[in-house]
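S.K.: Structure incoming, see below.
The values are calculated or read from the model by the stated rules, or taken from the named source; none is laboratory data. None of the values given here were measured: they were computed from a predicted structure. So basically every Cβ, Gly included, is an ideal-geometry build from the backbone, and we count neighbours across all protein chains shown.
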Amino acid sequence: MLEILTNDMNELENETCRIVENATLTEQLLQYSNRYRSFDEGVQTAFNRALEIFENDFDYQASFEEISQALDVVEPSVTNRFVTSYEKLEKISDFKLK
């Protein structure tokens, strides 16, 4: 019984971390997209869809995918840059907590 509970808690923690990561990265990319929205219709459309998915469906992964695809068209590898930066900050935070 304890092993099952431990596994469930680990799964819950992992899923929570994934949700927070997707939500955080999506918010950052939505903000970053402001520099392109006024003159790139594809980014504006993706922003609108991503924001709707984010705010109404709470599907942060789908929202992330929507905005990241549009941004990577106008600025290749921008999503990777944000993900890498986020991961570095997470490692620093994990280190400080231990």
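S.K.: Which pairs have Cβ atoms under 7 Å, sit 6 or more apart or on different chains, and link a residue in the stretch 47-61 that is in contact (Cβ under 8 Å) with a residue 24 or more places away in the chain to one that is loosely packed, with under 15 Cβ neighbours inside 10 Å?
M.R.: Close Cβ pairs satisfying both conditions: Y60/I19.
S.K.: Determine which member of the set D57, D72, D40 is at pLDDT 95 or above, touching a Ser or Thr at 6+ places or on another chain (Cβ under 6 Å) and of a type outside the set (K, R).
M.R.: Matching residue, one of D57, D72, D40: D72.
S.K.: Now, a different point. Taking the stretch 1-30, which residues are surrounded by 10 or more Cβ atoms within 10 Å (Cβ to Cβ), over 9 Å from the mean Cα position of the chain (by Cα) and over 15 Å from E90 (Cα atoms)?
M.R.: Those that are surrounded by 10 or more Cβ atoms within 10 Å (Cβ to Cβ), over 9 Å from the mean Cα position of the chain (by Cα) and over 15 Å from E90 (Cα atoms): T6, N7, D8, M9, N10, E11, L12, E15, L30.
S.K.: Scanning the stretch 55-95 for residues that are in a helix (DSSP H, G or I) and of a type in the set (D, E), which turns out surrounded by the most Cβ atoms within 10 Å (Cβ to Cβ)?
M.R.: E66
S.K.: Here's something else I'd like to know. Considering the stretch 1-43 alone, what residues qualify as being free of Cβ contacts under 8 Å to residues at least 40 places away in the same chain and among the hydrophobic types (A, V, I, L, M, F, W, C)?
M.R.: M1, L2, I4, L5, M9, L12, C17, V20, A23, L30, F39, V43, listed by residue number.
S.K.: Filter the stretch 37-54 for residues that are more than 21 Å from E15 (Cβ to Cβ) and among the β-branched types (V, I, T); which is surrounded by the most Cβ atoms within 10 Å (Cβ to Cβ)?
M.R.: For the stretch 37-54, the residue satisfying everything is V43.
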